[in-house]
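The values are calculated or read from the model by the stated rules, or taken from the named source; none is laboratory data. Computed from a predicted structure; not experimentally measured. Positions of Cβ are generated from backbone atoms using ideal geometry, with glycine treated the same way; all protein chains shown enter the neighbour counts. Ligands, DNA and RNA are excluded from the accessible area calculation, which covers all protein heavy atoms including side chains. Shrake-Rupley method; radii C 1.70, N 1.55, O 1.52, S 1.80 Å.
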Amino acid sequence: MQTRRLGRTGVDVSILGYGAMELRGQPHGPAIEDDDAGRLLNEVLDGGINLIDTSIDYGRSEGLIGRYLSHRRGEYFLASKCGCLLGPPPPDARPPFPHDWSAANVRAGVEQSLRRLDTDHLDLVQVHMSPSRAQMESDRTIETLLGLRDEGKARFVGMSGILPNLPDHIAMDVFDVFQIPYSVVQREHEDLITAAAESGAGTLIRGGVARGGASKNWAQGPLGLPPGEGQRRWDDAGMDDLLGGMPRQEFVLRFTLSHPDLSSTIVGTSNPEHLRANLAIAAKGPLPADLYEEVKKKLG
C-alpha cells in the first residue's frame, strides 16, 4: 500500500483509508453482525490501511472500532468528528442529522468518542458538516478543539468542509487536515484540494468512488448531487470510451487517487469482498499520467 504525507501533521497515511460509516447498522446502514464487523476491521489493518475515519453520527461504528481494534491502537491513524448530537437520532430521521458546534457539545462529543473508541486520544478531530466561520466563532468551536488538543485528547484538528464555506476555512489557517468530497463526476472542489494542500494541510477525500454509482448502473450517485447528475456527467464526457477494458469501479477510484494533492481517499464498506477489491485497485495506484490528462480534457 502506497503512503503519502498528511500535510503538516508529518504522518504518513495509506492512500486508501477506511470509512466506518457502513458499520453504523440499521436502519441507516446495512445489517452486519458485531463479530463480522470485527473481522472486517482487522482485515482493514492487515490489508495495509492505516487510516480509519468514523463519527458519532455513524451509530455503533465507534464502539465496534473500540471493541475490536483498541488492542492494535498503535497501528492506525484514528479520525472522528465533532458537532454531532450525542444521543441517537429519532427513528424516522434521515441523514444529514442536526448538529451543535457549541463548546459544551464539542467537548462532550470528543470525550464520548474517546470512551467508545477505547483510547486516550484521537489522532484527528474534524468539525462535521462545514459550519461557517461566524458560527464557529459564536460557538467557540475552534477554541474548544485547541483546548482538547492541548490536553492531549486530540493530536490534530480538521474540517470536513464543502462550498461555500471551504475557502474561508482554508484561509483561517487553523486546520491541519481537510476532508473534501471529490470524484470524476464531482469535481467542484478540485482546485480547493490543491489550495488546502498549498496551505500545508493534509487532504482526505470522501466520495472518491462516487458511492459506487458507476459499477451499479448509477442506482445511486455522489452525495450532494441531484439524482441522476452523476450519470449525466459520466455520459456527457464519454467516460466509457476511455476505459480500455478497465472496470468502471477501478477507473473511478484510480482517477481520484490521481489528484496530485490527495493524501488519502476514504472508502467505506461492510463487505469483505468489496474491501479486498478496493485494496487491489489501490495497489495499482493512480491512472497512467497520459490517461489522467485525457480524462480531464474530456471532462472540461
Estimated distance in nm for a label pair at GLU151 and SER138, the labels positioned 7 Å out from Cα along Cα-to-Cβ
2.5 nm
Taking the chain, the lysine pairs whose C-alpha atoms sit under 26 Å apart (8 or more places apart or on different chains) add up to 8
Please state the Cα pair-distance histogram of the chain with 20 angstrom bins from zero: what percent is in each bin?
35, 60, 5
Quick one: in segment 74-161, what % of C-alpha pairs are over 14 Å apart?
62 percent
Give the carbon-plus-sulfur fraction of the accessible surface of segment 4-134 in %, rounded to a whole number; probe 1.4 Å, heavy atoms of protein chains only.
52 percent
Within a Gaussian network of the chain (alpha carbon springs, distance under 10 Å), most fluctuating of ARG140, ARG72, ARG149:
ARG72
Classify segment 198-300: rounded, prolate or oblate, from the alpha-carbon gyration tensor (a ≥ b ≥ c, eigenvalue square roots; a/c under 1.5 rounded; otherwise prolate if a/b is larger than b/c)?
rounded
Run the simple label-point estimate for ARG5 and ARG94 please: 7 Å along Cα→C-beta, distance reported in nm.
4.4 nm
Net dipole in debye of the chain [+1 Lys, Arg Cβ; -1 Asp, Glu Cβ; about Cα centre; nearest 20]:
180 debye
Once neighbouring chains are kept in place and the probe is 1.4 Å, which whole percent of the accessible area of segment 178-258 is contributed by carbon and sulfur?
47 percent
Measure out, as a whole number of angstrom, how far apart the alpha-carbon centroids of segment 96-134 and segment 193-214 sit.
21 Å
Starting from the residue with the highest accessible area, list ARG232, ARG133, ARG39 in decreasing order, probe 1.4 Å.
ARG39, ARG232, ARG133
Neighbourhood charge, 14 Å Cβ-Cβ cut-off, centred on ILE32 and excluding it, Lys, Arg +1 and Asp, Glu -1:
-3
Local electrostatic count, VAL295, Cβ distance below 11 Å [Lys/Arg +1, Asp/Glu -1]
+1
Expressed per residue, the solvent accessible area of the chain in Å² (1.4 Å probe) is about 42 Å²
Taking the dipole about the Cα centre of segment 71-180, with the C-beta of Lys and Arg at +1 and of Asp and Glu at -1, give me whichever of GLN112, VAL127, TRP101 is farthest to the positive side.
GLN112
